[in-house]
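This report refers to the structure that appears directly beneath it.
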Amino acid sequence: MGSLPPLEQEKQAGLKSLEFLSSNDKQSAYSAAELEAGHCAEGGCPCDTKAAAHSAGQSSFFQAVVNSFVLLIGLGTLSSAYAIEKAGFFGLLVLCITASFYWIGSKLIVICMKRTRASDYQDVGTKAFPRWGRLLITTCFYIDILGCLVGYLVSMGDTMMHIFPHPQLDILGFKGKTLFTLLAFLVILPSVWFRKLSTISYLSFWCGMSIITTIICLLVAGVKDHIGFSQDVAIFRPANVPIATGVYTFTFGATAVFPNVYRSMKNPSRFTEVMTLSFSMATLLNIIVGIVGSVMFGAMTKAQVHLNMPPALIASKVAIWATLLTPVTQFALFLSPISCELEQIMIKYLPWKAESRMTSGACIMLRTTLLIAIAMGALLFPYFANIIELIGSSVSVTLCVIFPGVFYLKLFSHKIPKSRFAGICVVIGVSALAGVAGTIVSIQDLIHK
């Protein structure tokens with residue numbers, strides 16, 4: 001296949017942050033090159049990346065499992081202990097139900113792709129609802145990305161406060177959480193100016209490795225450093241079930257890009273095995289973090305369990321720094337699809353050539369403005385738990401469970417048994433109710449705070 005225009009290449013490189021790719025698999029997670037917005041403006045574009053060819057269908061079974069597993073673990077996994085402490089051990093049932101529903105959603109989208117010969121998730125939306133399906137999916141993807149970036153910035157600020165616990169520190173009148181959020185903004189800012197994203201996209205694997213490293217350090221701290229596992233945890237706290245739902249719907253939210261993992265496989269017929277294996281491992285990891293973290297710290301469990309670990313311990317230092325570096329490696333990659341889309345529009349109205357320094361400067365200003373907007377969101381809502389609960393309960397569950405079920409029924413309701421029709425309706429209904437409940441609770445908490 002032919003090479004992509006340079007601007008589309010940067011979108012592809014940026015969206016690879018959601019998927020660890022083999023050297024032969026150059027297909028992006030969100031397939032931004034296929035959005036309706038089109039192509040680069042005439043005269044070139046500001047993105048300095050080399051041409052890259054599509055090469056779908058090159059991933060082995062093992063690579064597909066790794067891709068899927070890395071997609072399913074992240075900062076949300078570190079909140080599993082918080083979810084269990086809030087909802088009680090009943091939260092483990094919420095976790096398993098959420099994982100099952102997301103597995104079903106992924107399966108339905110892949111079935112739709114097979115039967116309609118759709119190229120990706122957006123294409124399935126277009127075939128189900130030609131007028132607005134693609135626009136709706138793309139809009140939800142971008143809202144999801146922006147929400148994740150706000151959460152990343154808050155997480156980074158919280159972690160920096162944990163590393164440098166100086167409540168009296170005052171710089172230019174800024175102090176406390178506000179100060180460290182602004183410092184996180186300054187640390188990340190140069191990375192969003194970086195143009196050759198195809199090079200740093202492979203750092204996305206660090207996200208998965210850092211989470212596993214943090215979990216190992218958590219276990220080491222509990223056993224070797226004598227923190228212990230003796231804190232009491234409730235069995236069932238019904239009022240807090242929406243909190244657990246929000247956390248876990250966010251944790252599995254990247255399943256919306258599973259269709260791209262499916263498309264990248266040499267043997268797509270084994271994708272169900274890939275999903276089952278990766279979901280099982282990710283769910284087990286969440287169970288371990290949930291149980292271990294909650295019985296280690298009890299009522300003091302924080303939204304990110306690594307923040308409970310005593311900073312003086314070696315295991316704590318490793319876990320904290322590993323988690324801190326994750327947003328730094330991911331931020332530019334996540335922001336790139338949105339910034340490229342806006343740059344593409346802006347370039348059409350600029351009086352300079354697309355490859356000129358003035359245009360590059362304008363693009364840097366645009367990216368800086370986007371990051372400022374994200375930082376303002378982080379300063380306005382500096383509560384990591386509430387952010388992930390809101391994104392998970394509103395956008396993630398909609399993209400990963402509700403839309404796949406609706407699209408499947410719209411396309412094939414006349415061809416499936418009534419029992420399957422009813423089962424999918426139940427999944428959609430339960431997901432919608434849980435999403436509404438989680439959204440309301442998270443918004444109420446944000447307003448209260």
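Some values worked out for this structure:
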quantity: Relative contact order (%) - the stretch 72-206, alpha-carbon pairs under 8 angstrom, separation at least six; calculated: 10 percent
quantity: Residue-normalised accessible area of the stretch 106-236, given per residue in Å² at a 1.4 Å probe; calculated: 49 Å²
quantity: Contour excess over end-to-end distance, with Cα ends at His448 and Leu350 and 0.36 nm allotted per residue; calculated: 30.9 nm
quantity: With every protein chain in place, the stretch 130-272: carbon and sulfur % of accessible area (1.4 Å); calculated: 69 percent
quantity: Carbon and sulfur %, accessible surface of the stretch 273-358 computed with the full protein complex present, 1.4 Å; calculated: 74 percent
quantity: Per-selection Rg to Rh, the stretch 55-448 - Cα, Kirkwood hydrodynamic radius; calculated: 0.97
quantity: Student exercise, the stretch 55-448 dipole from Lys, Arg, Asp, Glu Cβ charges, in Debye to nearest 20; calculated: 1300 debye
quantity: Cross-link pairs Lys266/Lys317; Lys266/Lys348; Lys177/Lys317; Lys302/Lys410 - those with Cα-Cα distance over 31 Å; calculated: Lys266/Lys317; Lys266/Lys348; Lys302/Lys410
quantity: Among Leu219, Ala378, Gly438 the positive-end extreme of the charge dipole of the stretch 55-448 (Cβ point charges); calculated: Gly438
quantity: Label-point separation, Ser280 to Ile97 (7 Å along Cα→Cβ), nm; calculated: 2.4 nm
quantity: For peptides 107-115, 245-253, 146-154, sequence by mean Cβ density within 10 Å, most packed first; calculated: 245-253, 146-154, 107-115
quantity: Rounded percent of accessible protein surface that carbon and sulfur make up, the stretch 51-110, 1.4 Å probe; calculated: 73 percent
quantity: Solvent-accessible area per residue, Å², over the stretch 257-369 with all protein chains present [probe radius 1.4 Å]; calculated: 40 Å²
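The values are calculated or read from the model by the stated rules, or taken from the named source; none is laboratory data. Everything quoted here is computed from the prediction, not taken from an experiment. Because the Cβ atoms are built from the backbone with ideal geometry, glycine has one as well, and the counts that use them run over all protein chains shown. The protein model used for the area step is the full one, side chains on, heavy atoms only, and it has no ligands, DNA or RNA in it. Shrake-Rupley method; radii C 1.70, N 1.55, O 1.52, S 1.80 Å.
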